[in-house]
Amino acid sequence: MNQWAGVILAAGEGVRMKSRTPKVLHPVCGKEMIRYPVDLLRRLGIDRIVVVVSPSNGAAIRQLLGDSVEYATQPRVLGTGDAVSRAVESLGDEVEHVLVQNADVPLVQVDSMQRLLDCHTSQAHQMTMLTVAGILTNDLGRVVRNDMGQVTDIVEAADWPGPPDAPAEVNVGTYCFQSRWLLDNLNQIPPSPKGEIYLTSLVAMGNGQGDSIQGVAAGDPTEMMGVNNRVQLAQVESVQRQRILGKLMLSGVTIQDPASVYIEAGVTVGQDSLILPNTVLTGQTTIGEDCLIGPNSMIRDSSVGDRCRVTASVLEEAVMENDIDIGPFSHLRPGAHLESGVHIGNFVEVKNSRFAAGAVSGHFSYLGDATIGASVNIGAGTITCNYDGKHKLHTIIGAGAFIGCDTMLVAPVTVGADAVTGAGSVVTKDVPAGRLAVGVPARILDKTPNKS
């Protein structure tokens, strides 16, 4: 679609949000609001996108989107028409059509947009807009059509002569234009008494010139929902959350109680997994197939493999491979990596540590900055003492080792393969493979322990 360019209007001040964060950077289901129209245009095949920013929010938006889009700055907030004029100046003659979308309307869906584009190009309209019909409103611009069904005007709510709460067809704020027609007419828009130039004025202007202006109905009335304050942000988030859950359920995921489950836009869940109540999945989390997640689990930016169970536990930037169970009431902190077949029981905290296949920590332990070998058994109450007041130090436990209850492993320290520590030991020196360490501080005994 090289003949198309997209313009996203993001220069509004958003004062009603009462926030130091620019409005379009507030997240909706974990994804910044402005990313929704950018990603939508990409899905439509529109690669050239110009984002119109203001002097106050431009730096923050550029930091988020980087070089993936172009930018135009609207020095003063003088209406949507002025904002679009700032963007189209740089488009050039090769662009035949321009799609304009507001950055604070994140619920518009790709099917509705595709029908809008198809109608615009196949019927050669000069301007085509997305609308929603049958809306009870007293604060949105109303679409006026003639007997032929063409759009002739958009009347703002304050100027509407009829009943203010009567059902109406309203403007969503998404438009397609023939590029040359847009350029020829933008400079002809008369300013409002406050000096603002509104893009919607092009409807009446085009109708008066005999141009073809048309409206296309969105597939879902919720697509018109915009964000001007925190109440509307929560309403939009609720709709988007239900869309995410619905899509997952239709793809083969069971969500036992959707009303109590929160899943963000960047999360993926595999087929035949079961999400139990009061579960929160956020960030770039991936859940494999045949998993049981919850109840009361929170997982952020983590990878969970197939056939895993996470019961009432917290994962942050952690990795669980396949066939692992954890919880209840355990915590995988950033850098935790559990290989296949690991078992983590209740009240275990793991930070920046790797458990090899088949290792077990059943109860009440802290394991930080550690490398734990295959089939190691960690007894209840074990702690890796990894911080000396200045540095984080590493603990290594060899394959097959048996760590007795209440063992303190004072890093840096290595426990060799198949070694054993006695209950209550404070290990300050390396334990050779196959040996027994007991006492405070632990002594290395010559006799090889019998772990059976």
Candidates 58, 66, 14, 30, filtered to the one that is farther than 25 Å from residue 120 by Cα, at pLDDT below 95 and of a type outside the set (A, V, I, L, M, F, W, C): 14
Those residues of segment 170-208 which are in contact (Cβ under 8 Å) with a residue 24 or more places away in the chain and small (Gly, Ala, Ser), in sequence order: 173, 179, 192, 195, 201, 204, 206
Odd one out for residue 381 among (1) in contact (Cβ under 8 Å) with a residue 24 or more places away in the chain; (2) buried (at least 20 other Cβ atoms within 10 Å of the Cβ): (2)
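The rows are residues; the columns are (1) within 16 Å of the chain's Cα centre (by Cα); (2) in contact (Cβ under 8 Å) with a residue 12 or more places away in the chain; (3) on the phi > 0 side of the Ramachandran plot.
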{"residue": "29", "(1), (2), (3)": "yes, yes, yes"}
{"residue": "32", "(1), (2), (3)": "yes, yes, no"}
{"residue": "42", "(1), (2), (3)": "no, no, no"}
{"residue": "60", "(1), (2), (3)": "no, yes, no"}
{"residue": "78", "(1), (2), (3)": "no, yes, no"}
{"residue": "112", "(1), (2), (3)": "no, yes, no"}
Residues that are under 27 Å from residue 23 (Cβ atoms), out of contact with any helix residue (DSSP H, G or I) (no Cβ under 9 Å at 6 or more places or on another chain) and surrounded by 13 or more Cβ atoms within 10 Å (Cβ to Cβ), drawn from segment 244-265: 244
Conditions (1) under 28 Å from residue 229 (Cβ atoms); (2) of a type outside the set (D, E, K, R); (3) crowded, with 22+ Cβ neighbours inside 10 Å: number failed by residue 98: (1)
Members of segment 227-265 found to be over 18 Å from the mean Cα position of the chain (by Cα), under 16 Å from residue 109 (Cβ atoms) and in contact (Cβ under 8 Å) with a residue 12 or more places away in the chain, listed by number: none
Enumeration of residues in segment 215-238 that are in a helix (DSSP H, G or I), among the hydrophobic types (A, V, I, L, M, F, W, C) and buried (at least 19 other Cβ atoms within 10 Å of the Cβ): 224, 233, 236
Residues satisfying the stated conditions in segment 415-446, i.e. open to solvent by 50 Å² or more (accessible area, probe 1.4 Å) and part of a strand (DSSP E or B): 443, 444, 445
Options 268, 311, 285, 279; residue that is open to solvent by 20 Å² or more (accessible area, probe 1.4 Å), in contact with a strand residue (DSSP E or B) (Cβ under 9 Å, 6 or more places away or on another chain), under 29 Å from residue 35 (Cα atoms) and free of Cβ contacts under 8 Å to residues at least 60 places away in the same chain: 268
Answer from 82, 93, 39, 47 - the residue that is surrounded by fewer than 21 Cβ atoms within 10 Å (Cβ to Cβ) and either at pLDDT 95 or above or in a helix (DSSP H, G or I) (or both): 39
Single match in 83, 103 (criterion: over 21 Å from the mean Cα position of the chain (by Cα) and at negative phi): 83
Positions within segment 70-125 being more than 22 Å from residue 59 (Cβ to Cβ) and charged (D, E, K, R), in sequence order: 93, 94, 96, 111, 115, 118
Identity of the residue in segment 142-153, free of Cβ contacts under 8 Å to residues at least 40 places away in the same chain and of a type in the set (D, E, K, R), that ends up most open to solvent (accessible area, probe 1.4 Å): 147
Within segment 117-141, considering residues that are more than 33 Å from the chain's Cα centre (by Cα) and not hydrophobic (A, V, I, L, M, F, W, C), the one least open to solvent (accessible area, probe 1.4 Å): 125
Residue that is most open to solvent (accessible area, probe 1.4 Å) [pool: residues in segment 23-36 that are within 10 Å of residue 103 (Cα to Cα) and either touching a Lys or Arg at 6+ places or on another chain (Cβ under 6 Å) or part of a helix (DSSP H, G or I) (or both)]: 35
Number of the exception - residue 112 against (1) small (Gly, Ala, Ser); (2) open to solvent by less than 40 Å² (accessible area, probe 1.4 Å); (3) part of a loop (DSSP other than H, G, I, E, B): (3)
Residue within segment 59-71 that is of a type in the set (Asp, Glu) and not in a helix (DSSP H, G or I) present: yes
Total residues in segment 366-377, condition more than 16 Å from residue 337 (Cα to Cα) and crowded, with 22+ Cβ neighbours inside 10 Å: 0
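To keep it simple, each residue is scored yes or no on (1) under 29 Å from residue 420 (Cβ atoms); (2) among the hydrophobic types (A, V, I, L, M, F, W, C).
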site: 287; (1), (2): no, yes
site: 320; (1), (2): yes, yes
site: 325; (1), (2): yes, no
site: 346; (1), (2): yes, no
site: 353; (1), (2): yes, no
Selection from segment 328-342 of residues that are open to solvent by less than 20 Å² (accessible area, probe 1.4 Å) and part of a loop (DSSP other than H, G, I, E, B): 330, 336, 342
Failed item, numbered, when residue 104 is tested on (1) assigned to a loop (DSSP other than H, G, I, E, B); (2) open to solvent by 60 Å² or more (accessible area, probe 1.4 Å); (3) under 28 Å from residue 239 (Cα atoms): (2)
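The values are calculated or read from the model by the stated rules, or taken from the named source; none is laboratory data. No experiment lies behind these values; they were computed from the predicted model shown. Neighbour counts run over all protein chains shown; Cβ positions are idealised from the backbone, glycine included. SASA here: full protein model, heavy atoms, side chains in, ligands and nucleic acids out. Shrake-Rupley method; radii C 1.70, N 1.55, O 1.52, S 1.80 Å.
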